[in-house]
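Below: one structure, written as structure tokens.
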Amino acid sequence: MLRAITSSLILLILCGCVSKQNHIKTSEAYTQWSVYLGDATSSHYSTLDQINRNNVDELTLVWSYNSGDADSTDRTQIQCNPIIVESVLYATSPELKALALNAVTGEEIWRFDPFESGAVAEGPGINRGVSYWEGNDQHVSRILYSAGSKLFALNARTGKLIQSFGEGGVVDLREGLGRDVNDLSVSARTPGIIFKHLLIQGTSLSEGIRSAPGHIRAYDVRTGGIEWIFHTIPHPGEFGYKTWPPQAYQYVGGANAWSGMSLDEEREIVFLPIGSAAFDFWGGNRHGENLFANSILALDVMTGERKWHYQVVRHDLWDRDLPAAPNLVTVEYQGRRVDAVAQVTKSGHVFLLDRETGVPLFPIEERAFPPSDLEGEEAWPTQPIPLAPPPFARQRFDAKDITNISQESHDYVRERFHQVRSDGQFIPPSVEGTMIFPGFDGGAEWGGAGYDPTTGMLYVNSNEMPWILTMVPLNPDGVTTGRGLYARYCAGCHGIRLDGSAGSDMPALTDIELLMTRDEVMDRVTKGIGFMPSFGFLSSNEISAITDYLFSDVELNQDESIQLSGHEMSSSFAGSPYGHTGYNRFLDQDGYPAIKPPWGTLNAIDLNKGTIEWSVPFGEYPELTAKGIPQTGTENYGGPVVTAGGLIFIAATKDERFRAFDKDTGAVLWETQLPAGGYATPATYEVYGKQYVVIAAGGGKMGTKSGNFYLAFALTN
């Protein structure tokens with residue numbers, strides 16, 4: 001058996017000069033990994049079983065690739081789920097370079113730098129994967145992927161831009177949205193999905209006061225032209241228009257498909273999980289249910305026509321985006337096999353809907369929730385809550401749930417706990433503080449769930465981290481000040497007192513003068529970088545005022561009303577009368593979650609029965625284990641891979657380990673330490689009879705170090 005092949009041989013295969021016996025066809029479900037998350041149905045599943053329960057403990061690192069471009073200050077990540085086509089692995093680096101690697105040796109074949117040509121002005125951000133189009137007699141195979149606001153088409157064989165696509169191989173994602181968004185943040189962190197000659201593409205947006213709309217577009221992969229557009233914020237005369245104020249389509253942003261999508265190729269239906277409308281936490285300028293925000297949306301893949309929708313959160317005030325691509329599943333329902341859509345949520349629920357009609361297969365109860373007491377807000381009075389399967393994350397944080405890892409931790413948390421509202425799901429935001437639990441990152445997060453089509457089991461990792469959302473009144477009377485502009489546009493991420501958001505990946509700005517020059521700060525505010533969106537819509541005077549404030553000694557007071565410029569508030573659509581103090585995890589004095597463990601779990605859900613079969617703590621803090629505290633689990637980012645070999649492969653945890661679980665019991669069968677956190681979904685593939693499992697180790701989340709690595713594991717015997 002060949003153990004390695006050279007880059008030149010790979011290129012011959014791609015050129016068609018060698019037998020294509022391993023040629024990938026999309027109809028070969030579950031045997032390849034040529035599509036993000038395994039296949040068009042987002043199954044995360046593979047029929048490969050060379051690595052199985054009996055031998056997984058013999059897994060060995062067989063190659064490691066280092067891209068060499070992680071940020072030295074630990075601000076970069078790799079969230080990429082790579083794809084593998086004809087023995088070539090396609091992926092992205094921490095600085096969003098596209099990569100082609102020999103899938104057997106890890107040797108680099110080519111790399112493409114989107115910043116080299118100047119096509120991308122924004123700083124490096126996040127990319128979760130690429131799309132592959134096979135090509136035909138007239139057009140070469142290509143890789144489609146995004147960096148910043150640009151969509152690129154690359155020759156899959158050489159990594160060169162395909163000049164006939166868009167403008168010299170590049171399409172601007174800010175164009176074709178129906179209104180001018182050139183000064184707003186628009187990118188695509190998650191790859192689109194390809195059907196025939198169409199690339200269906202969602203976008204990632206800022207969800208602040210000024211945001212672009214999240215309309216769905218289909219691009220011709222050959223030319224880059226837009227074939228159709230679906231307005232997620234409906235225009236006049238379109239279905240759902242009356243669920244918004246009359247002119248909302250002209251000023252409201254968000255309602256975007258940032259987390260991926262799934263495709264039923266036979267029915268030619270694409271299923272999209274839609275995110276929140278902007279601004280996330282105050283909707284006084286968007287009264288109504290706000291379709292199609294927070295909806296599972298089924299569209300005709302060729303035309304963009306709506307087939308059906310199901311809204312899981314009405315008039316979202318809690319940033320309850322649908323966080324992951326839905327799984328297309330087949331379940332036993334009332335004595336028959338039914339094709340369905342399973343959508344996991346940040347709140348820890350699974351919505352199971354008939355794939356053709358959108359009708360729920362398990363009961364969903366419309367429950368009443370309290371009204372808002374914020375100025376101008378009208379919270380929707382009810383929300384849909386699935387009765388089965390049961391939630392895979394706790395739904396309330398009560399006093400009895402305060403952490404018990406030590407008396408000191410318990411006492412520290414208890415004092416703050418009694419100062420905020422903590423009454424379960426869908427309690428409106430407030431100025432005294434509202435508990436968001438499960439937190440802003442779930443429950444389920446963008447890693448999504450894995451589905452085993454042979455058993456009907458859904459496997460999903462979950463966070464159990466409480467966060468506190470505190471709103472801050474903004475005084476519209478006054479003059480333009482950097483202090484007020486910071487409160488409106490920056491404090492939500494960097495903290496009301498410039499000290500960052502507790503436990504988050506958002507840095508403090510208290511000593512900004514030691515890290516950056518004034519010009520560098522102004523450039524960063526204008527262009528954005530990483531998770532930070534562009535604020536190019538601000539005037540140069542406003543950006544200068546913010547910079548002046550950052551370099552001053554003046555601090556904001558969380559309890560005061562912050563003055564803003566009068567001209568910003570002259571239109572009722574210009575902004576919100578509230579800002580917020582940031583995305584703050586609720587932690588004890590030592591930085592551990594404020595709630596009793598487990599803080600992260602891995603769960604097996606039987607979609608046929610609507611039951612949870614098992615749930616285990618996922619991840620650990622070694623220092624707590626050493627103190628005799630049972631395994632707590634940790635926050636986790638990145639999804640699972642499920643195999644016919646009886647295994648679940650998943651990294652994701654803050655302890656920077658990569659594990660294989662028994663999919664029937666949840667027992668850990670193998671684990672290894674990674675050089676950096678594996679905050680990505682793995683992939684598994686076979687080349688010349690050998691099965692590999694590969695994971696990106698890019699770190700950079702939850703205070704862990706950044707990394708540059710892709711690591712592949714296999715059996716050596």
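Listed values, structure above:
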item: Of the trypsin sites (Lys or Arg not before Pro) in segment 147-196, those whose Cβ has at most 15 other Cβ within 10 Å and which sit in DSSP loop; result: LYS160, ARG179, LYS196
item: Percent carbon-and-sulfur accessible area, the chain, ignoring ligands, DNA and RNA, probe 1.4 Å; result: 48 percent
item: Nonlocal amide H pairs with GLU613, under 5 Å, H built at 1.01 Å; result: ALA604, ILE605, ASP606
item: Farthest toward positive dipole pole in segment 408-473 [+1 Lys/Arg, -1 Asp/Glu at C-beta], among MET457, SER422, GLY439; result: SER422
item: Whole-Hz ³J(HN,Hα) from phi, Karplus 6.51 cos²θ - 1.76 cosθ + 1.60, for segment 613-628, glycine and proline x; result: 7, 7, 8, 10, x, 10, x, 8, 9, x, 5, 6, 4, 5, 8, x
item: Cβ-derived FRET efficiency at R0 30 Å, ASN66 paired with ALA626, nearest 0.05; result: 0.45
item: Reciprocal mean inverse distance between Cα atoms of segment 30-171 - Kirkwood radius, Å; result: 16.3 Å
item: Ordering of 400-406, 133-139 by packing [mean C-beta count within 10 Å, highest first]; result: 400-406, 133-139
item: Whether the chain is rounded, prolate or oblate, judged on the alpha carbon gyration tensor where a/c under 1.5 counts as rounded; result: rounded
item: Peptide ranges 305-313, 41-49 listed from the most packed, as the mean C-beta count within 10 angstrom indicates; result: 41-49, 305-313
item: Estimated [θ] at 222 nm from DSSP helical runs (n ≥ 4, -39500 (n - 2.57)) normalised by residues in the chain, nearest 500; result: -2500 deg cm²/dmol
item: Cleavage-rule hits (chymotrypsin sites (Phe, Trp or Tyr not before Pro)) in segment 155-250: DSSP loop, at most 15 neighbouring Cβ within 10 angstrom; result: PHE239
item: Gained length - ARG179 relative to ARG336, 0.36 nm times residue gap less alpha-carbon distance; result: 51.8 nm
item: By average C-beta atoms within 10 angstrom, highest first, the peptides 50-56, 689-695, 673-679, 32-38; result: 32-38, 673-679, 689-695, 50-56
item: On Cα atoms only, tilt of 407-417 relative to the major axis of the chain in degrees; result: 60 degrees
item: Heavy atoms of GLU58 accessible to a 1.4 Å probe, total area in Å² rounded to 10; result: 90 Å²
item: For segment 581-592, 3J(HN,Hα) per residue [Karplus equation, 6.51 cos²θ - 1.76 cosθ + 1.60, θ = phi - 60°, Hz, x = Gly/Pro]; result: 7, x, 8, 10, 5, 8, 10, 7, 5, 9, x, 8
item: Förster radius 51 Å - calculated FRET efficiency between LEU515 and THR382, Cβ distance, rounded to 0.05; result: 0.60
item: Relative contact order of segment 317-380, pairs being alpha-carbon contacts under 8 Å that are 6 or more residues apart, as %; result: 22 percent
item: Pairs from LYS346/LYS609; LYS196/LYS242; LYS527/LYS654 whose Cα-Cα separation, in the structure shown, is over 28 Å; result: LYS196/LYS242; LYS527/LYS654
item: C-alpha long axis of helix 540-550 to longest principal axis of the chain, angle in °; result: 80 degrees
item: Low-density loop cleavage sites - GluC sites (Glu not before Pro) in segment 62-127, where at most 11 other Cβ are within 10 Å (DSSP); result: GLU116
item: Accessible solvent surface per residue of the chain, calculated while the other protein chains remain in place, 1.4 angstrom probe, Å²; result: 35 Å²
item: THR223-ASP398 FRET efficiency (beta carbon distance; Förster radius 60 Å; 0.05 resolution); result: 0.60
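The values are calculated or read from the model by the stated rules, or taken from the named source; none is laboratory data. In this text the structure is predicted, and so the values were computed from the model without any measurement. A quick note on method: Cβ atoms are made from the backbone with ideal geometry, for glycine too, and the neighbour counts reach across all protein chains shown. Heads up: the accessible areas ignore ligands, DNA and RNA and are worked out on the full protein's heavy atoms, side chains in. Shrake-Rupley method; radii C 1.70, N 1.55, O 1.52, S 1.80 Å.
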